[in-house]
Amino acid sequence: MNAKTLSVARARQILAAAQKTRVLVVGDVMLDQFIWGGVSRISPEAPVPVVDFSRESFMPGGAANVARNLVCLKTSAELFGVTGRDDAARKLLKLLGEQKIGCGGIVKSPARHTSVKTRIVAQQQQVVRIDRETRGALDARTTAKLVAEFKARLPRADAVILGDYGKGVVTQPLLDEIKALCRARGVWLSLDPKPVHHLNLTSLSLITPNRKEAFELAGLPDDKKHANPFADPNLLRVAERLLNELCPALLLITLGELGMLLCQRGQPPFHIPTVAQEVFDVSGAGDTVIASFTLAIAAGASPMEAAILSNHAAGIVVGKVGTATTTPEELLNSFNHG
């Protein structure tokens, strides 16, 4: 097999092996609320659409959506995060239980509100989003509880994913503890970064910034974008700087409609063009990428195989409306049709 391709048979083998793995997910957990409706008129009170309510739905969001992506791909997932003691937390925990996501690592804090993102969607288009959340950094006592829950379950883990969404759970003390624990046991550690935090992100197994986040992490301006990543000197300079300064084993920069760029020290970058046929909603696509890439690595895939698999997974979810996931069957069908 060509090192830069992934056959259906190999994808099936990776997905089968993934069902025997266990991945721990740590980070900002949220409840995603969707209000669905239609628009047929503009409000007489202001130049805004009037949405006629049809239905509402709820899904796990943030790091909880990463865990949801894992279980939809038949991988065992346990979730670690912080909620408030409120109705949103109860609804989120009920959803996690229904989707067979381990949530024994969820710590409830009376000092915090459970993060809720409310999206109003009309004619398959998002009209507005309302955020209700606590963004302050986690206090030392709650951090210690979270680390204790994580440490107790780490011996049975094949990989760990950190999801930082800027809501205060992923602090430097938490990151340092998790890095040290994973390093001591030789456990793979992936992180989806939030550059606004200015955390020390050195020596991780994988970081998955999008283009904007990569430039922010590197401290460089993004003044010109090329359709061909290899003809984009600014992007290549950013990748080189992040590899040299942060020293991740792997750097995966997601590029939206241009696909992904997989970077590794001492090797030329590997560009994976997008396989998305139609893009309806990019909500949660980054969660799908880090979940599918990490589970593939845990299942024995090479970095290139993991990148190709996660690119297919992302191509599927952006073709769905809402915070979506994919299944092994859909993934294998995407390889058959590719």
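Would a scan of the stretch 225-236 turn up a residue that is assigned to a helix (DSSP H, G or I), surrounded by fewer than 16 Cβ atoms within 10 Å (Cβ to Cβ) and at pLDDT below 90?
yes
Return only the number of the condition from (1) at pLDDT below 95; (2) closer than 23 Å to Thr294 by Cα; (3) out of contact with any helix residue (DSSP H, G or I) (no Cβ under 6 Å at 6 or more places or on another chain) that Glu245 does not satisfy.
(1)
Among the numbered criteria (1) closer than 21 Å to Ser203 by Cα; (2) at pLDDT below 95; (3) part of a helix (DSSP H, G or I), which one does Ala291 miss?
It is condition (2) that Ala291 fails.
Just to be sure, is Gly136 among the small types (Gly, Ala, Ser) and within 20 Å of the chain's Cα centre (by Cα)?
So Gly136 does not fit the description; no.
Closer than 29 Å to Arg112 by Cα and either surrounded by 20 or more Cβ atoms within 10 Å (Cβ to Cβ) or at pLDDT below 95 (or both): which single residue out of Leu252, Leu201 fits that description?
Leu201
Based on what the data block shows, is Lys100 on the phi > 0 side of the Ramachandran plot and within 22 Å of the chain's Cα centre (by Cα)?
Criteria met by Lys100.
When residues of the stretch 87-108 are filtered for being farther than 26 Å from Arg22 by Cβ and either aliphatic (A, V, I, L, M) or buried (at least 16 other Cβ atoms within 10 Å of the Cβ) (or both), how many remain?
1
Just need a number here: residues in the stretch 145-183 that are surrounded by 15 or more Cβ atoms within 10 Å (Cβ to Cβ) and assigned to a helix (DSSP H, G or I).
Looking only at that region, the number is 14.
Residue under question is Ala307, and the condition is that it be at pLDDT below 95 and either within 28 Å of Ser203 (Cα to Cα) or among the aliphatic types (A, V, I, L, M) (or both); does it hold?
Against the criterion (at pLDDT below 95 and either within 28 Å of Ser203 (Cα to Cα) or among the aliphatic types (A, V, I, L, M) (or both)), Ala307 does not qualify.
Determine if the stretch 43-51 includes at least one residue that is at negative phi, touching a helix residue (DSSP H, G or I) at 6+ places or on another chain (Cβ under 9 Å) and touching a residue at least 24 places away in the same chain (Cβ under 8 Å).
No, the stretch 43-51 contains no residue that is at negative phi, touching a helix residue (DSSP H, G or I) at 6+ places or on another chain (Cβ under 9 Å) and touching a residue at least 24 places away in the same chain (Cβ under 8 Å).
Can you tell me which residue among Ala184, Ala159, Ala180 is small (Gly, Ala, Ser), under 18 Å from the mean Cα position of the chain (by Cα) and over 17 Å from Arg241 (Cα atoms)?
It is Ala159.
Run Val187 past the list (1) under 27 Å from Arg85 (Cα atoms); (2) at pLDDT 95 or above and report the number of the one that doesn't hold.
If we test Val187 against (1) under 27 Å from Arg85 (Cα atoms); (2) at pLDDT 95 or above, just (1) comes out false.
So, in the stretch 126-142, how many residues would count as being among the charged types (D, E, K, R) and assigned to a loop (DSSP other than H, G, I, E, B)?
Total meeting the criteria: 3.
Condition check: in contact (Cβ under 8 Å) with a residue 60 or more places away in the chain, touching a strand residue (DSSP E or B) at 6+ places or on another chain (Cβ under 9 Å) and either closer than 24 Å to Leu138 by Cα or not hydroxyl-bearing (Ser, Thr, Tyr) (or both). Does Leu206 satisfy that?
Yes: the conditions hold for Leu206.
The values are calculated or read from the model by the stated rules, or taken from the named source; none is laboratory data. Note that the structure is a prediction, hence the values are computed from the model and not measured. FYI the Cβ positions are ideal-geometry reconstructions off the backbone, even for glycines, and counts take in every protein chain you see.
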